[in-house]
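Trainee: This is the structure I want to talk about, given as C-alpha cells.
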C-alpha cells in the first residue's frame, strides 16, 4: 500500500536525486523555481513508491499509479503535468547515466493542460495602472512608477527586473541589459516614458539604497524582492481593470501591443527572451482575437456575414 510523506528515502535514492538536481541546475540551466519543484516532485515520487530503493526499481506502473493518485487527491492538471515532466526528466537522466537500462517514462502520458490566452491590459488600462500609483513617500512613488513603466515598456520578467543593476541601464541608447533564463543575456529597448521614470527614480534612489549595485531596492535599501513587485502590480492593475493581475500580464500586454504595432515575430521572441518560437506565437492568438473583435465592432458588414459567404 502506498502512503505519502512517511517513507524515509534510501541513501542511494538521496544520492541520485542530488545528482539529478545538479544536472538540471548546472547543465540544463533550469530556473531556481523549476529545480526546487522538480526536486520536491521526485522526492514525492519515491515517497509514494515505497518499494523503490533506486531509480532502477521504478516501473511504468509505478509512475502511472503515482499520477493517478495525484489526480484522485484533486491535484490540478497543470501540477500533475509538471510532476510527469519531472519524472520523465529524472528517468531520462538516469538512463543516460547508466543507472537504469530502459526508461520507464517513455510511454508515460500526462494530462493535457488547456492552453488559455494570457490576460492582457489595453494600452489605456496599462497607462491608467501606471498613473494610479501614489505613495505618501515620494521616493517610493518614484520607484514604483519606474518599475511599472519598465515592466510594461520592456516585457521583462519580474525576476529579470529584480536582478537589474544600475550599470545595466544604458541611458544614452535607452536600452537595458537583461540576464534571462539559462543565464542568457539580451538587450531590450524602452521608450521615453520609461526612460524618464527610471531617471526620476535614480535621482532619488540614494535616499534609501543600501545596495550600491541594485537598480531597484526595497524600503530597507536591499535589492527589491519579487514579492514586493507582484504586490505593486496587483494593486495597480486592480485599480485599472478591477482585477488583480500578475506582472506577467504586463509582459503579455507588452508583447501583444508590440505585435499589433507591426513588429516581426522573431523580434518579439528576441525581446522576450523566449527560447522557442511556439511560446511567442501564443501572442498572435491574442492579437487575432482582438482584431476580430475590432472588426466586428467597426466594419459595416461585420454582422450577418458567415464563413460560407
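The values are calculated or read from the model by the stated rules, or taken from the named source; none is laboratory data. All values reported here derive from a predicted model rather than from experimental measurement. In this analysis, Cβ positions are derived from the backbone assuming ideal geometry, glycine residues included, and neighbour counts consider all displayed protein chains.
Trainee: Among the residues of region 60-83, write down those that are surrounded by 14 or more Cβ atoms within 10 Å (Cβ to Cβ) and assigned to a loop (DSSP other than H, G, I, E, B).
Mentor: Within region 60-83, just 75 meets the criteria.
Trainee: Moving to a separate point now. Which of the following residues is assigned by TED's automatic domain parsing to the domain that holds residue 214, surrounded by fewer than 22 Cβ atoms within 10 Å (Cβ to Cβ) and more than 15 Å from residue 255 (Cβ to Cβ): 127, 194, 142, 146?
Mentor: Every option except 127 fails the conditions.
Trainee: Only residues in region 237-264 that are surrounded by fewer than 18 Cβ atoms within 10 Å (Cβ to Cβ) count as the first member; pair them with residues that are part of a helix (DSSP H, G or I) and at pLDDT below 85, Cβ under 6 angstrom, at least 6 apart or cross-chain, and list the lot.
Mentor: That search, which allows pairs on different chains as well, returns 260/287.
Trainee: Another one. Can you find a residue that is over 23 Å from residue 234 (Cα atoms), modelled with pLDDT under 90 and in contact with a strand residue (DSSP E or B) (Cβ under 9 Å, 6 or more places away or on another chain) anywhere in region 151-166?
Mentor: no
Trainee: Okay, next question. Being part of a helix (DSSP H, G or I) and either crowded, with 16+ Cβ neighbours inside 10 Å or outside the structural domain of residue 250 (by TED's automatic domain parsing) (or both): is that true of residue 86 here?
Mentor: yes
Trainee: What number of residues in region 224-236 are surrounded by fewer than 18 Cβ atoms within 10 Å (Cβ to Cβ), in contact with a helix residue (DSSP H, G or I) (Cβ under 8 Å, 6 or more places away or on another chain) and not in a loop (DSSP other than H, G, I, E, B)?
Mentor: 2
Trainee: Is there a residue in region 37-52 that is out of contact with any helix residue (DSSP H, G or I) (no Cβ under 7 Å at 6 or more places or on another chain), closer than 29 Å to residue 182 by Cα and surrounded by fewer than 19 Cβ atoms within 10 Å (Cβ to Cβ)? Give the steps one after another, and end with the answer.
Mentor: Filtering region 37-52 down to residues out of contact with any helix residue (DSSP H, G or I) (no Cβ under 7 Å at 6 or more places or on another chain) leaves 40, 44, 47, 50.
Filter once more, keeping what is closer than 29 Å to residue 182 by Cα: 40, 44.
Cutting the leftovers down to surrounded by fewer than 19 Cβ atoms within 10 Å (Cβ to Cβ) gives us 40, 44.
Yes - at least one qualifying residue is present in region 37-52.
Trainee: Out of the residues in region 180-190 meeting the condition of being outside any strand (DSSP E or B) and surrounded by fewer than 19 Cβ atoms within 10 Å (Cβ to Cβ), tell me which one is modelled with the highest pLDDT.
Mentor: Applying the filter and picking the extreme gives 184.
Trainee: Let me ask something else. Would you please list the contacts, defined by Cβ atoms under 7 Å and residues six or more apart or on different chains, that run from a residue in region 125-140 that is more than 17 Å from residue 200 (Cα to Cα) to a residue that is at pLDDT 95 or above?
Mentor: Close Cβ pairs satisfying both conditions: 129/148.
Trainee: Of the residues 133, 145, 208, only one is in contact with a strand residue (DSSP E or B) (Cβ under 7 Å, 6 or more places away or on another chain) and either in a helix (DSSP H, G or I) or at pLDDT 90 or above (or both); which?
Mentor: None of the others qualify; the one that does is 208.
Trainee: Quick test for you: out of 97, 177, pick the one residue that is surrounded by fewer than 15 Cβ atoms within 10 Å (Cβ to Cβ) and outside the structural domain of residue 211 (by TED's automatic domain parsing). Break it down stepwise before answering.
Mentor: Working: 177 fails: outside the structural domain of residue 211 (by TED's automatic domain parsing).
Only one candidate qualifies: 97.
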